[in-house]
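Visitor: The following block contains the structure, expressed as structure tokens.
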Amino acid sequence: MAIFSYNSIRRNKDCSTPVAAFISPAFTYFLLCYVSGIPLLEKNAARHWGKLDAYKDYLRRTPVLWPKLL
């Protein structure tokens, strides 16, 4: 959304820093990946299913947040 809205924000004379549109998505990504989202879920899942071979295979095959291209 930040990429799509950048031009309209840039044209808006009231907004002095259109780059600020990228701060919120970057901060959300940081929180999800390093603070509260994924680490907490993975810790809880490892506690419940960490010994299962199927779960270990799932972790190996499945990307955490972004899909693998190839």
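Visitor: Kindly check whether there is at least one residue in the range 50-61 that is at pLDDT below 90 and not hydrophobic (A, V, I, L, M, F, W, C).
Guide: So far as the range 50-61 goes, no, none of its residues is at pLDDT below 90 and not hydrophobic (A, V, I, L, M, F, W, C).
Visitor: Continuing with the same structure: Can you tell me how many residues within the range 10-37 are touching a helix residue (DSSP H, G or I) at 6+ places or on another chain (Cβ under 6 Å) and in a loop (DSSP other than H, G, I, E, B)?
Guide: Total meeting the criteria: 1.
Visitor: With respect to Phe4, is the statement that it is surrounded by 10 or more Cβ atoms within 10 Å (Cβ to Cβ) and not β-branched (Val, Ile, Thr) true?
Guide: no
Visitor: I'm told Leu69 meets every condition in (1) within 15 Å of the chain's Cα centre (by Cα); (2) not in a helix (DSSP H, G or I) except one. Can you identify the failing condition by its number?
Guide: (1)
Visitor: Filter the range 39-70 for residues that are exposed (fewer than 10 other Cβ atoms within 10 Å of the Cβ) and of a type in the set (Lys, Arg); which is farthest from Thr28 (Cα to Cα)?
Guide: Lys51
Visitor: Anything in the range 48-66 that is among the aromatic types (Phe, Trp, Tyr) and part of a helix (DSSP H, G or I)? List them, or say none.
Guide: Those that are among the aromatic types (Phe, Trp, Tyr) and part of a helix (DSSP H, G or I): Trp49, Tyr55, Tyr58.
Visitor: Can I ask one more? Give me the residue from the range 15-38 that is under 19 Å from Met1 (Cβ atoms) and over 12 Å from the mean Cα position of the chain (by Cα) and, out of that set, surrounded by the most Cβ atoms within 10 Å (Cβ to Cβ).
Guide: Looking at residues that are under 19 Å from Met1 (Cβ atoms) and over 12 Å from the mean Cα position of the chain (by Cα), I get Ala21.
Visitor: Name the pairs whose Cβ atoms lie under 7 Å apart, with the first residue in the range 1-20 and modelled with pLDDT under 75, the second surrounded by 10 or more Cβ atoms within 10 Å (Cβ to Cβ) and of a type in the set (Ser, Thr, Tyr), and 6 or more positions between them or separate chains?
Guide: If the second residue must be surrounded by 10 or more Cβ atoms within 10 Å (Cβ to Cβ) and of a type in the set (Ser, Thr, Tyr), the pairs left are Pro18/Tyr6.
The values are calculated or read from the model by the stated rules, or taken from the named source; none is laboratory data. This is a predicted model, so every value here is computed, not measured. Using ideal geometry, Cβ is built from the backbone for each residue, glycine included, and neighbour counts are taken over all protein chains shown.
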